[in-house]
Amino acid sequence: MSEARVGLVIEDDQDIRELVRTVLTQAGFDVTVAGSGAEGVKAARSLNPDVITLDLGLPDIDGFEVSRQIREFSDAYIVMLTARAEELDTLIGLESGADDYLTKPFRPRELRARIAAMMRRPRSQPDPGENTPVSERPADAASGNGHYSHNGLDLSYASRSVSVDGQELNLTRTEFELLYALLEAGRTVRTKSDLVRRLRDEDYDVGSYISEADERSVEVHMGNLRKKLGDSPQQPRWLQTVRGVGYRLAPVER
């Protein structure tokens with residue numbers, strides 16, 4: 001039997017804490033709760049959770065700083081739960097390392113659906129089929145087994161690793177999925193709605209509702225990804241913005 005997935009709830013409101021604990025427990029998680037930011041960071045370090053729900057308005061450290069601290073050592077999915085509806089708070093939360101957010105009050109069914117979609121994306125794992133060094137694979141092409149190379153960037157889906165000019169990068173799982181989606185598509189444009197559905201693990205053409213906030217969250221994640229890659233929006237080496245539409249890979253360097 002496989003080990004139970006681990007969930008961590010960082011929330012100071014007891015009623016919400018118990019609600020989220022129940023949602024995660026029913027979804028099959030072994031759940032630990034923390035009532036403060038400091039306690040939550042400590043628990044995240046010791047438990048190595050798969051998913052974390054994080055209240056923005058904690059009594060000691062705000063959720064933005066908790067997320068930043070956790071991101072220094074963990075690739076857990078982080079869902080921010082916030083009573084603040086302002087777009088700026090949402091953007092700051094995503095920039096601090098959160099993968100998604102829900103505004104209170106939220107429906108338990110929606111939280112469970114968001115987490116289920118996240119957990120369908122694999123965590124890092126060994127790549128038993130990888131025998132060819134990255135440097136020996138054809139440049140600017142897919143190798144056929146989840147490996148992509150483009151302008152000095154190398155991605156392995158099985159090992160969940162990305163490197164640029166031989167230097168490994170530390171991406172969140174959401175950033176990794178966005179980069180992988182663009183590498184798969186090549187020079188085909190992926191709209192923001194396409195990428196939202198990719199993060200939800202939905203087909204591109206299912207027609208589900210995509211809000212402006214959902215699309216804005218993709219913009220923030222892409223901005224974070226650009227920073228980590230050291231890419232320039234004006235002269236992109238990897239990520240090219242198609243204004244008003246979405247994103248695609250930059251042309252192959254010659």
Within segment 40-82, residues being surrounded by fewer than 16 Cβ atoms within 10 Å (Cβ to Cβ), within 25 Å of residue 28 (Cβ to Cβ) and in contact (Cβ under 8 Å) with a residue 24 or more places away in the chain number 3
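When you check residue 50 against the structure, is it closer than 23 Å to residue 224 by Cα and of a type outside the set (Gly, Ala, Ser), yes or no?
Values: closer than 23 Å to residue 224 by Cα: yes; of a type outside the set (Gly, Ala, Ser): yes.
So residue 50 passes the test.
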Among strands (runs of 3 or more DSSP E) entirely within segment 90-158, at least 2 residues that are modelled with pLDDT of 85 or more and of a type in the set (A, V, I, L, M, F, W, C) occur in 153-156
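Within segment 26-37, identify whether any single residue is closer than 15 Å to residue 118 by Cα and surrounded by 20 or more Cβ atoms within 10 Å (Cβ to Cβ), and answer yes or no. Walk me through how you get there before you give the answer.
Step one: of segment 26-37, the residues closer than 15 Å to residue 118 by Cα are 27-29.
So of that shortlist, the ones also surrounded by 20 or more Cβ atoms within 10 Å (Cβ to Cβ) come out as 29.
Yes - at least one qualifying residue is present in segment 26-37.
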Condition test on residue 33, is it at pLDDT 95 or above and in contact with a Lys or Arg (Cβ under 7 Å, 6 or more places away or on another chain)? yes
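The values are calculated or read from the model by the stated rules, or taken from the named source; none is laboratory data. Please read all numbers here as calculations on a predicted model, not as lab measurements. For neighbour counting, all protein chains shown are included, and Cβ atoms are generated from backbone atoms with ideal geometry for every residue, glycine included.
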